[in-house]
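To start, the structure itself, in structure tokens.
The values are calculated or read from the model by the stated rules, or taken from the named source; none is laboratory data. If you're wondering where the values come from, they're calculated on a predicted model, not measured in any experiment. Please note: Cβ atoms are built from the backbone with ideal geometry, for glycine as well, and neighbour counts cover all protein chains shown. Surface areas here come from the heavy atoms of the whole protein model, side chains and all, with no ligands, DNA or RNA. Shrake-Rupley method; radii C 1.70, N 1.55, O 1.52, S 1.80 Å.
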Amino acid sequence: MCRVILTHPDTENDVKVELQSPMSTPKSAKGGKMAELKALIAKRGAVKSKMARINTAIVAVEDPLAMSMAQLRVHSRNVEKYYSEYNDVHDAVMQAIHENQKEAQEAKLIEFEDLYNEVQVAIETLMEAHTHRERAVFPTGVQQNGQTQIVIHQQALRAPLPTFDGRYENWPKFKSMFHDLMRNSPDSDAVKLYHLDKSLVGSAAGIIDAKTIQDNNYQQAWQILEQRYENKRLIIDAHVQGVLQMKNVV
């Protein structure tokens, strides 16, 4: 049986590793396997170091919103990649060492998994901070990341928002209900435009262009919708078509 003492970045102390190798193995083969095992352990340690660097960067963030969602998503993807890489290399190490060394090496895996969980929780916490902010932010007023934005504290609606699916026959009812709901609302035009955009579903979704939304132009949004759907002829035709398609009542 061949023994080798390896020092690698995966541990704080030297680790005694006993190769799974019969006595009859030639000396050159033993040397090759020792070198391979040493490379595996070094690679595993390097992967752990990458994970530790991400954890350090995340923990150092004082302002939960200082790191963008894009940065957090990149970190999260890398964390998952390093987790997979570490496990692959660890499996190779476990196959190469002697049975009585596996418990010590499993402890290294548990230590790494604790680090993985720690950094993932930190990333999720920062992502939640962004999510909470986005619920109260609508584009206008303040410059942030090159875009104009405003913080909005939305008032609870006194009734559920109606929806419009782009069918002409449903337009008059939707328009009347939405105007009635917003008529006495204390909300700003920015919030009203937000509600209006969210009320458009089906083929009507996305009708309001991005510039109108960014400018918080509530009146312009209604002009766009009215030009598209305020067609009495098409509304009447749609209703007539619906009546003609009704089955006769026996």
Could you rank His132, His75 by how accessible they are, 1.4 Å probe, largest area first? His132, His75
What figure in square angstrom, to the nearest 10, would you give for the accessible area of Lys38 with a 1.4 Å probe? 110 Å²
Can you list the residues of region 68-94 with backbone N under 16 Å from a point 7 Å past the Cα of Lys102, pointing along Cα to Cβ? 90-94
Given labels modelled 7 Å from the Cα in the Cβ direction, how far is it in nm from Glu111 to Lys81? 2.5 nm
Just the accessible area for Tyr168, please: 1.4 Å probe, Å², rounded to the nearest 10? 60 Å²
Suppose R0 equals 51 Å. What FRET efficiency, 1/(1 + (r/R0)^6) with r the Cβ-Cβ distance, do Leu161 and Met94 give to the nearest 0.05? 0.35
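So how much slack lies between Gln227 and Thr131, counting 0.36 nm per residue of separation and subtracting their Cα-Cα distance, in nm?
31.1 nm
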Distance between modelled label sites at Gln214 and Asp180, nm, 7 Å Cα→Cβ extension: 3.7 nm
How many nm is it between the label spots at Ala39 and Val121, if each spot is 7 Å from the Cα in line with the beta carbon? 3.8 nm
